[in-house]
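Participant: Questions regarding the structure given below will be posed in turn.
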Amino acid sequence: MNFSIDKITLFAIAIPMVALLLVGYISYENTIQFIQRDSFADRLDLINQRLEHLFSTITGAESGQRGFIITNRPDYLEPYNSAVRGIDKQLENLNMLLNSKPLNQQISLNETNVLKGLIEAKMAELNQTITLRQSHGLNAVLPMILSNKGKILMDKIRTVTADIQSGLRYALSNTTIKTQDYAQAMTRIIVITTLAAAGITGVSVFAIDRGIYKRHLVVQRSLETEVKKRTEELQTANNQLLIANEQLKLHDRMQQEFINVAAHELRTPAQSILGYAELAMLDPPSEIKLFIDAIYRNAFRIQKLTKDILDVTRIESHRLTLNKINFDLKQIILDVIEDGKLKLVSEGHKKVKLEFENEMKAGEGVGHSDDIFVRADKDRIMQVISNLLDNALKFTSEGVISIDVARRKGEEEMAVVSIQDTGSGIDPEIFPRLFTKFSSKSFSGTGLGLYISKNIIEAHGGKIWAQNKDLGKGGATFSFSLPLAI
């Protein structure tokens, strides 16, 4: 096929324009895909929160029922009555979210129906025992309690809830993978299109007769006009991205506020459960003592988790405040050790010994004294020591956990606290992310304790670090430094 110079010139101009339009369209589609994925993730997170709130409502109702059965005091029924008033609305909201597209294509509706049936059965069982206790007394209810019907229902509710949450995680993972695959495919198309456009344009331009100077000027002006137009379009797109970025920042602030409110709301029922559990532990029947202990432990975990969540939100929103005073660092370590010894007894750590080392250590610039005063937030420093002690207990099944405080001289004299355990030590692959959020989820817990501790210590102008004595044999040592009181 023979092309004239005019057609070659037109071809050379058209190819980059088409390529640019294609790249712009693909970029737009990529952006839409990621926005939809983020929206989907937010919806899954909301559903998960609704599931946890629903389960918390059921466990609160069960706690109130048991408290009433044991004491016959009507005020124990408040969590149950609250659940009766609100459970249908919670189920309706949850079902509405799970039935929305495209989630209903990935989560089995049978599981939601099963969960609803189990919850209705559980509430009926609670109502039956309460009514029987009111009309015939404690002895009439005991056979129903000992039949474990209520526990079986709760176990089934817990299992179905876990299955739904697993489905949510799978749905999010599946959506993320599809989005990433789509983005990679589109990126390859962009690269290929750009290279092809560049090659074709180069060949076409090379074929233009260099002697036609005026036509060259016309083509050049046309290209300059097109570049200017595309630049303006890119500037417009950039302005739109700036607006979108501000909207994302607003969304982030709203999300932080929601987490803050949710954590505060969780503290109230957790405190209530702890109070009821403490009352129930005064003189419980032997057959339910284990259940009461479990309620107390889990309520305490919820309370600590909500406190950690609030601390993380304060840290990330730069609202962590410190109430600094002068105090003896050794004295609060002794207080934490006493609390830790009680915890060792209550949690059955019979093979672990907790002690305070105050001997002189060899080494330049390091020394001990009876009193080491620092200026810091006393409660926050106790929180850090407790977090590090809990971390040591987590990986020490037997042996000695020792806490030491010393002065260390460098550019300025600092107080250094070290907690050494005889556990398995720290995997070297974990070290780079040891003090980041969720770094310890592969072991147990949320992984927030070390992250919070790091930010508290750095807010005081100190440092926190960890090291292995001998991986697999000698355990690990976590240390932090604080400026001394002036």
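Participant: Got a sec? How would K304, K151, K89, K454 order by Cβ neighbour count within 10 Å, fewest to most?
Facilitator: K89, K151, K304, K454
Participant: Which residues does the label zone of K351 cover in the range 375-398, counting backbone N under 12 Å from a point 7 Å along Cα→Cβ?
Facilitator: Under 12 Å, as judged by backbone N against the label point of K351, lie 396-398 of the range 375-398.
Participant: By how many nm would the segment from K324 to I152 lengthen if fully extended, with 0.36 nm per residue of separation less the alpha-carbon distance?
Facilitator: 56.9 nm is the gain from fully extending K324 to I152.
Participant: Starting from the Cα of F431, step 7 Å along the direction of its Cβ; do the same at M382; then give the gap between the two resulting points in nm.
Facilitator: 3.5 nm
Participant: On to the next question. Using the beta-carbon distance between R407 and V218 and R0 = 51 Å, what value does 1/(1 + (r/R0)^6) give for FRET efficiency, to the nearest 0.05?
Facilitator: Efficiency computed from Cβ-Cβ geometry: 0.05.
Participant: With 10 angstrom as the radius, rank T129, T176, T321 by how many other C-beta atoms surround their C-beta, starting from the fewest.
Facilitator: T321, T176, T129
Participant: Also, I was wondering about something else. Counting other Cβ atoms within 10 Å, keep those with at most 16, restrict to DSSP loop, and tell me which trypsin sites (Lys or Arg not before Pro) in the range 395-427 are left.
Facilitator: Answer in residue order: K409.
Participant: Now for a different question. What is the list of residues in the range 45-89 whose amide nitrogen lies under 20 Å from a point 7 angstrom out from the Cα of Y170, following Cα to Cβ?
Facilitator: 45-49, 51-52
Participant: Efficiency by 1/(1 + (r/R0)^6): what FRET value for A185 and S317, r their Cβ-Cβ distance, R0 = 51 Å, to the nearest 0.05?
Facilitator: 0.85
Participant: For A140 and L334, FRET efficiency with R0 = 56 Å and r from the beta-carbon atoms, rounded to 0.05?
Facilitator: 0.60
Participant: What's the center-to-center distance, using Cα atoms, between the range 368-404 and the range 219-239 in Å?
Facilitator: Comparing the Cα centres of the range 368-404 and the range 219-239, I get a distance of 62 Å.
Participant: Highest mean first, how do 306-317, 217-228 rank when packing is the count of other Cβ atoms within 10 Å averaged over residues?
Facilitator: 306-317, 217-228
Participant: To continue, here is another question. Could you pull out every one of the lysines with an alpha carbon less than 24 Å from that of K378, ignoring same-chain neighbours closer than 8 positions?
Facilitator: Leaving aside lysines fewer than 8 places away in the same chain, those within reach of K378 are K304, K307, K324, K330, K341, K343, K409, K437, K454, K463.
Participant: Which of rounded, prolate, oblate describes the range 32-73, given a ≥ b ≥ c as roots of the alpha-carbon gyration tensor eigenvalues and a/c under 1.5 marking rounded, otherwise prolate only if a/b is larger than b/c?
Facilitator: Taking the square roots of the gyration eigenvalues as a ≥ b ≥ c, the range 32-73 is prolate.
Quick note: the coordinates plus some simple rules give every number you see, no bench work behind them. These numbers were taken from a predicted model, which means no experiment stands behind them. Glycine also receives a Cβ, built like all others from the backbone with ideal geometry; neighbour counts cover every protein chain displayed.
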